[in-house]
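Colleague: Dumping the structure here so I can ask a few things about it.
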Amino acid sequence: MTLSIERQHQTPSNAIAPAKTPVSLSTSIGLLKRQLKSEGITSFEDIAAAIDQHKQLQVEAGLYSYDKFTLEGSRGETQLVCPSTGTLHQCIVWCINHYTGLNRNQKIIDKVCEAVQKFGTGSGTAALSGGMSSLHKEAERRLASLVGKESALLFPTGYTTNLGVISALPGTNDFLLFDREAHASIIDGIKLSGKKFASFKHNSVADLENKLQKYRHQYENVIVIVESAYSMSGDLAPLKEIVQLKQKYNFHLYVDEAHTFGFYGHQGAGYCDQLGVTEEVDFIMSTLSKSTASIGGFLACKSKYIPLLQWSANSYLFQACLTPGDAAAILASLDELAANPELIAQLHQKNSYMRQKLTGMGFDLGHSQSPIIPIFIPEPETLQAFNRDLLLEGIFSVAIIYPVVKPSEGRIRFILNASHTYENIDRTLDVLEKLGKKYRLI
């Protein structure tokens, strides 16, 4: 089917300073950018032109999946727009984080519509300038109560929650330790803080302890920052073991629950709740764009930290609040999660089912456990071709490549949502088995 939209195709410019070393068509844009800089090409004009040409060549070869978008929003199966051809593809979608499928829940949609009628569309300004409504404050109260903390602070996005809190929280003589696979928002917050920092090997309690032995006595406070589940690998953090280290080294613990809040723990309270370590975790953060099908983020902690963050986190102080409709979606989603525990149970059942099938076929899923299921395909040419063929078979995800992961650790993620049916899963498994054999991955 052809769309009545303009095809987004440009003729590559001839005025390009090319890389001195030949570049493969499967080379990621991140690697191309790194190569250009290593060869002394520093002008953003030259870099932009080279990247634009490389992108167009990948588009023409069907290897560029990052410009696709849904025609009418996210669901388990939907129509996908390919802007380079102006065509539609009916696809099962595996790269969107609506774990609980609540973005299509009619009760939530109705409550959002009611809120927009009553509260209007935008917030207009930041929280400390009067941008919040009673809906925002109720969301803060509900979120704090759910995760078991005294207070919560609502931010416009999950990214700016980490960016603002981590850059503002540490003092002059504090030190930051973070897991090597931490999200970019965490790393950007650490860099913006201007404080000393170090990383530890992914999910390695032993390496974390080595770093604590090295640094703890040198600083007033050490803040250890981890994710409960890691978005690129689907690994769950060893939170119980990390908490045990607190008794010996007396550090503060910050846990990003973006990929566990809403579908782990009692009524979706999160992985900290499920493991019974909430009291030992000083700061619990999550986005609200995933399981609660809205936008925003929050930090939950002791009340004494709230004024410091309100007046120090620039992404809170100077950024407009999320809209009243977004706040209504958060509240309605929390209601649905509390009233329908089967949503969470069914998601984990589907996760177990799909994992068992993929493992039985022989795919490499790494150490993943959460509903984020990665298939590791380290060879770039194979990864790009595999992903292209998936789309031709009506299965859509995106290749995870450098700089998101190391060049040798490419993968395709299959993010399970409650909206995925077993028919969707089985159809996807059939295609994966077919392509796995074609590319000798299994």
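Values in this text are rule-based calculations from the coordinates and carry no lab data. What you are looking at is a predicted structure, and each value in this text was computed from that prediction instead of being measured. With ideal geometry, Cβ positions are generated from the backbone for all residues, glycine too; neighbour counts draw on all protein chains shown.
Colleague: Computed on alpha carbon atoms, what radius of gyration and Dmax characterise segment 122-339, expressed in Å?
Modeller: When restricted to the Cα atoms of segment 122-339, Rg and Dmax are 16.4, 49 Å.
Colleague: Still on this structure, please answer the following. Only loop residues by DSSP count here, and only those with at most 14 other Cβ atoms within 10 Å; note down the trypsin sites (Lys or Arg not before Pro) in segment 236-313 that meet that.
Modeller: 302
Colleague: Hey, which of these cross-link pairs are over 20 Å Cα-Cα: 211/246; 248/302; 211/248; 246/406? Before the final figure, lay out the partial values.
Modeller: On the way: 211/246 13 Å; 248/302 22 Å; 211/248 13 Å; 246/406 31 Å.
Pairs exceeding the cut-off: 248/302; 246/406.
Colleague: Based on the mean of other beta carbon atoms within 10 Å per residue, what is the order of 41-53, 23-35, most packed first?
Modeller: Details: 41-53: 14.5, 23-35: 17.2.
Highest mean packing first, the order is 23-35, 41-53.
Colleague: Could you quote the convex hull projected area for the chain, Cα atoms only and averaged over all directions, in nm²?
Modeller: Numbers: hull surface 91.0 nm².
Reported value for the Cα convex hull: 22.7 nm².
Colleague: Moving to a separate point now. What are the ³J(HN,Hα) couplings of segment 367-374, residue after residue, when phi is run through the Karplus curve with 6.51, -1.76, 1.60 and θ = phi - 60°? Round to Hz, x for glycine and proline.
Modeller: 9, 5, 9, 6, x, 8, 10, x
Colleague: Tell me which residues come under 5 Å, amide H to amide H, from residue 222 once H is placed; ignore anything under 5 positions away on its chain.
Modeller: Residues meeting the criterion, in which the H sits 1.01 Å from N, are 175, 252.
Colleague: Another question about this same structure. Exceeding 30 Å between C-alpha atoms, which entries from my cross-link table qualify? They are 195/240; 107/149; 118/350. All intermediate terms of the calculation are to be shown ahead of the outcome.
Modeller: Details: 195/240 27 Å; 107/149 28 Å; 118/350 38 Å.
Violating the 30 Å limit, Cα to Cα: 118/350.
Colleague: Continuing with the same structure: Assuming 0.36 nm per residue, please report the length gained on full extension of the stretch residue 241 to residue 308 beyond their Cα-Cα distance.
Modeller: Values: separation 67, 0.36 × 67 = 24.12 nm, distance 2.95 nm.
The span from residue 241 to residue 308 would gain 21.2 nm if fully extended.
Colleague: Here's something else I'd like to know. To make sure I understand, if each residue's beta carbon is the centre and we count other beta carbons within 10 Å, what order do 95, 301, 113, 82 fall in, fewest to most? Kindly include the intermediate steps, with their values, before the conclusion.
Modeller: Values: 95 16, 301 24, 113 12, 82 19.
Arranged by neighbour count, lowest to highest, 95, 301, 113, 82 become 113, 95, 82, 301.
Colleague: Which number comes out as Rg/Rh for segment 177-287 once both Rg and the Kirkwood Rh are worked out on C-alpha atoms? Before the final figure, lay out each step's value.
Modeller: Details: Rg = 13.3 Å, Rh = 14.1 Å.
Value, to two decimals: 0.94.
Colleague: When the Karplus curve 6.51 cos²θ - 1.76 cosθ + 1.60 is applied with θ = phi - 60°, which whole-Hz ³J(HN,Hα) does each residue of segment 196-213 get, with x for Gly and Pro?
Modeller: Rounded to whole hertz, the list is 5, 8, 8, 9, 10, 4, 4, 6, 9, 5, 5, 5, 4, 5, 4, 5, 5, 4.
Colleague: Using amide H atoms built in the peptide plane, which far-off residues or other-chain residues are under 5 Å from residue 197 H to H?
Modeller: Under 5 Å from the amide H of residue 197: 176.
Colleague: On to the next question. Neighbouring Cβ atoms within 10 Å as the yardstick, rank 132, 285, 232 fewest first. Each step should come with its number before you reach the end.
Modeller: Numbers: 132 20, 285 29, 232 17.
Ascending Cβ contact count within 10 Å gives the list 232, 132, 285.
Colleague: Place a +1 charge on the Cβ of each Lys and Arg in the chain and a -1 charge on the Cβ of each Asp and Glu, then give the dipole magnitude about the Cα centre in debye, rounded to the nearest 20. Walk me through the numbers on the way to the answer.
Modeller: Values: 42 positive and 44 negative charges, 115 e Å.
That gives the chain a dipole magnitude of about 560 debye.
Colleague: Arranged by the count of other C-beta atoms within 10 angstrom, fewest first, what order do 353, 254 take?
Modeller: Values: 353 15, 254 26.
Starting with the residue having the fewest Cβ neighbours, the order is 353, 254.
Colleague: Hey, can you grab everything whose amide H is under 5 Å from the amide H of residue 373? Only 5+ residues off in sequence or another chain; H modelled, so Pro and N-termini drop out.
Modeller: Amide H neighbours of residue 373: 414, 415, 416.
Colleague: Sticking with this structure for a sec: Using the Kirkwood formula over every pair of different C-alpha atoms, what hydrodynamic radius in Å results for segment 309-398? Mind dumping the intermediate values first?
Modeller: On the way: mean 1/r = 0.0575 Å⁻¹.
17.4 Å is the Kirkwood radius here.
Colleague: Separate question: How large is the helix-only mean residue ellipticity at 222 nm for the chain, computed as the sum of -39500 (n - 2.57) over DSSP H runs with n ≥ 4, divided by its residue count, in deg cm²/dmol to the nearest 500?
Modeller: Values: 15 runs with 180 residues, N = 442.
When only DSSP H runs of four or more count, the value is -12500 deg cm²/dmol.
Colleague: Please name which of 269, 219, 121 has its Cα lying farthest along the dipole of the chain towards the positive end, using unit charges on Cβ (Lys, Arg +1; Asp, Glu -1) and the Cα centre as origin.
Modeller: Looking along the dipole axis, the top candidate is 219.
Colleague: With springs only between Cα atoms under 10 Å apart, run a GNM on the chain and tell me which of 128, 253, 334 wobbles the most.
Modeller: In the Gaussian network model the winner is 128.
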